[in-house]
Amino acid sequence: MNDFPARAVVDLAALRGNVRSLAAHAPTAQVMAVVKADAYGHGLVPSALAAVDGGATWLGTAQVSEAIHLRRAGVTGARVLAWLYAPGAPLRAAIEADVDLAVAARWALDEVVAAAREAGRTARVHLKVDTGLGRNGLTPAQLPDVLAAALAAQAEGALRVVGLFSHLALADDPGHATVAAQAEEFARAVALVEGAGARLEVRHLANSAATLTSPALHWDLVRPGLAVYGLSPVPQLGGPERYGLVPAMTLEAELATVKPVPAGSGVSYGHAYVVPGDTVLGVVPLGYGDGIPRHASGTADRWGGPVQVGGRRLGVAGRVCMDQVVLDLGPDAREAAGDRVVLWGDGRDGGPTAQDWADVAGTISYELVTRLGARVPRTYVDSEQDAGAAGTTARPADVEVTA
Ligand SMILES: *Cc1c(COP(=O)(O)O)cnc(C)c1O
């Protein structure tokens with residue numbers, strides 16, 4: 001056990017199962033598991049390995065350094081694409097590590113060509129086109145020139161244009177006019193690039209939401225991120241169970257203090273909550289320093305972020321602090337210091353989920369898991385293997401893996 005009194009327990013079997021479900025949603029496409037931002041807070045390398053075990057043939061990162069890290073950690077069973085970098089990025093190291101690179105600007109093409117020449121290797125490039133997200137990517141107006149330059153570099157052997165991709169602005173609203181407009185713009189870009197003679201291995205457009213809701217957008221490869229971790233990218237349409245997904249992360253802590261206080265006691269900074277009667281308070285040793293959103297604080301008449309303790313569901317009482325939150329356990333509380341508290345998990349036992357926290361905090365579940373602080377240890381369990389080995393579905397001993 002780590003000495004930090006809280007941890008994120010990640011079930012590798014859930015990750016594998018989620019990738020299998022996503023593959024079933026997109027039977028004609030390959031699956032790229034997006035593992036940027038430390039695998040949405042779940043731990044880069046263990047999550048990537050589990051995704052590959054589940055059938056992902058590609059891994060996607062934002063930063064080039066994340067992609068190189070995967071390779072150096074021995075993740076070799078999948079293609080890896082990195083799509084976001086600024087001038088001066090370690091592109092030569094990426095090419096030498098067998099990483100595919102996105103090109104989203106003319107300067108990026110020039111740097112990839114230079115890095116490939118230095119490495120004495122042929123870079124694999126995916127042109128990224130901005131079909132309407134208004135973020136990274138070549139605009140349709142920029143595409144023809146960069147394509148021509150890329151094909152010239154291809155003729156010299158510096159690179160191969162193996163992919164064309166784009167990203168959707170409103171995939172979580174599948175009927176929105178921008179989704180159809182971006183899909184059309186993407187099809188035009190594909191026709192342009194293939195018409196110019198590029199032999200594309202993979203054309204890819206779909207994130208988690210489009211993978212689950214828009215089969216027409218799957219093309220050759222889907223790029224789910226959030227759904228790999230078992231969270232719904234379209235909570236207004238359905239929770240994870242609707243899509244065959246299971247949240248992989250359980251955030252749990254031990255109660256640090258349990259103590260009786262009299263009616264009228266103020267709780268936490270600002271006394272935003274005052275106990276209505278004699279009660280027992282419990283302190284949970286996680287706070288905004290760990291990524292617990294301060295916007296999930298409780299107020300005088302509303303509890304904050306949900307917590308499960310002793311089979312009961314409570315909410316944060318008063319303000320979320322840097323290192324801790326407080327619970328009003330009620331006058332008959334039987335909890336003691338050291339008892340386990342769950343902030344979010346798979347929700348299958350009626351317990352709270354990251355989506356519940358997102359709803360209270362006015363954000364998205366992506367932000368909850370991704371911003372979980374670095375000091376919270378990630379531990380890994382495998383509910384399939386551990387259950388089989390122990391002959392029981394009881395909670396297995398935690399396996400420490402350094403992410
Ligand atoms: C983050 C990202 C994804 C994954 O998005 P989800 O909504 O988490 O599925 C896919 N493609 C690109 C380019 C991204 O930046």
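The values are calculated or read from the model by the stated rules, or taken from the named source; none is laboratory data. Predicted, not measured: the structure shown is a model, and the values here were computed from it. Positions of Cβ are backbone-derived with ideal geometry, glycine not excepted, and every protein chain shown enters the neighbour counts. Just so you know, the surface numbers come from the protein's heavy atoms only, side chains and all, with ligands and any DNA or RNA stripped out. Shrake-Rupley method; radii C 1.70, N 1.55, O 1.52, S 1.80 Å.
The figures follow:
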| item | result |
| --- | --- |
| Once the Cα gyration tensor of segment 47-187 is diagonalised, semi-axes √(5λ) in Å | 25, 21, 12 |
| Longest to shortest principal axis, alpha-carbon extents of segment 3-107, angstrom | 45, 41, 22 |
| For segment 184-207 and segment 304-358, distance of Cα centres in Å | 48 Å |
| Dipole of the chain [Lys/Arg +1, Asp/Glu -1 at C-beta], most positive-end residue of 15, 268, 97 | 97 |
| Probe 1.4 Å, accessible area per residue of segment 236-299, Å² | 43 Å² |
| For segment 109-266, the spread of Cα positions along each principal axis, largest first, Å | 78, 41, 29 |
| With all protein chains modelled, accessible area of residue 259 [1.4 Å, Å²] | 100 Å² |
| Segment 307-388: equivalent-ellipsoid semi-axes (sqrt of 5 x gyration tensor eigenvalues, Cα, Å) | 22, 19, 14 |
| Along each principal axis, Cα extent of segment 249-372, largest first, Å | 39, 28, 22 |
| Cubic angstrom per residue, convex hull over Cα atoms of the chain | 143 Å³ |
| Helical contribution to [θ] at 222 nm, DSSP H n ≥ 4, -39,500 (n - 2.57), averaged over the chain, rounded to 500 | -8500 deg cm²/dmol |
| Among 350-360, 148-158, 273-283, the order from most to least packed when residues are scored by Cβ within 10 Å on average | 350-360, 273-283, 148-158 |
